[in-house]
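S.K.: Questions regarding the structure given below will be posed in turn.
Bear in mind that the values in this text are calculations on the coordinates, not laboratory data. All of these numbers come straight from a predicted model, not from anything done at the bench. All Cβ positions, even for glycine, are placed from backbone atoms using ideal geometry, and neighbour counts span all protein chains on display.
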């Protein structure tokens, strides 16, 4: 009797498991595919990367500083930490309805960039930013200019960390525990045409 009872319970469990898998299997294909986005749905200019850094020009006669540009080629605003707020700003409403102060296209900013050692270089000269920072928002399809001492560019790869606007919850200073994105300066030589046009 005990054996029959266990067999019946096992069969009932198996039937419920089979029904659960069947229902779950029918729901997955029924989900809408319209939410899936392709690269062309999330970028502004299809000929450029999503977010990138490039050299614009050598700023000074003695080549002690280099002007770089950070370009946001996505349909979302991005946020990065700055030593202070950029010079030219405007009010921007994010996709979640939060209003923030954002950089105007082509404005000068002061991002807290970092360096990753390359090769056998262990002591890369790098800036010391301290513990405080200002949030800088770069709107979709825009760019910002900033300068870097050229001595920092030898021996290390410059990068900047940023977050997308959809990773921000509540007020502008509250982020979800999302990964931090990095953009690296890939080519140290200037581009022929700068994608960052000052207006």
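S.K.: What share of all Cα pairs of the range 66-122, in percent, falls into each consecutive 5 Å distance bin?
M.R.: Histogramming the range 66-122 at 5 Å steps yields 4, 14, 22, 24, 15, 8, 6, 4, 3, 0 percent.
S.K.: How far apart, in nanometres, would the label points at residue 157 and residue 75 be if each is projected 7 angstrom from Cα along the Cα-to-Cβ direction?
M.R.: For the pair residue 157/residue 75, the computed spacing is 3.0 nm.
S.K.: What ranking do 11, 157 get, fewest neighbouring Cβ atoms within 10 angstrom at the top?
M.R.: By the 10 Å Cβ count, ascending: 11, 157.
S.K.: Give me 43, 12 ranked fewest to most by other Cβ atoms within 10 Å of their Cβ, as a rough exposure proxy.
M.R.: The most exposed by this proxy come first: 12, 43.
S.K.: In nanometres, what is the gap between the two model label sites at residue 101 and residue 186, each 7 Å from Cα along Cα-to-Cβ?
M.R.: 3.4 nm
S.K.: Please compute the modelled spin-label separation between residue 116 and residue 48, points set 7 Å along Cα→Cβ, answer in nm with one decimal.
M.R.: Here the answer is 2.3 nm between the modelled labels.
S.K.: How high is the FRET efficiency between residue 128 and residue 40 when r is their beta carbon distance and R₀ equals 35 Å, given to the nearest 0.05?
M.R.: For R0 = 35 Å, the calculated efficiency reads 0.25.
S.K.: Hey, another quick one. Sort 182, 39 so the one with the fewest other Cβ atoms within 10 Å of its own Cβ comes first.
M.R.: 39, 182
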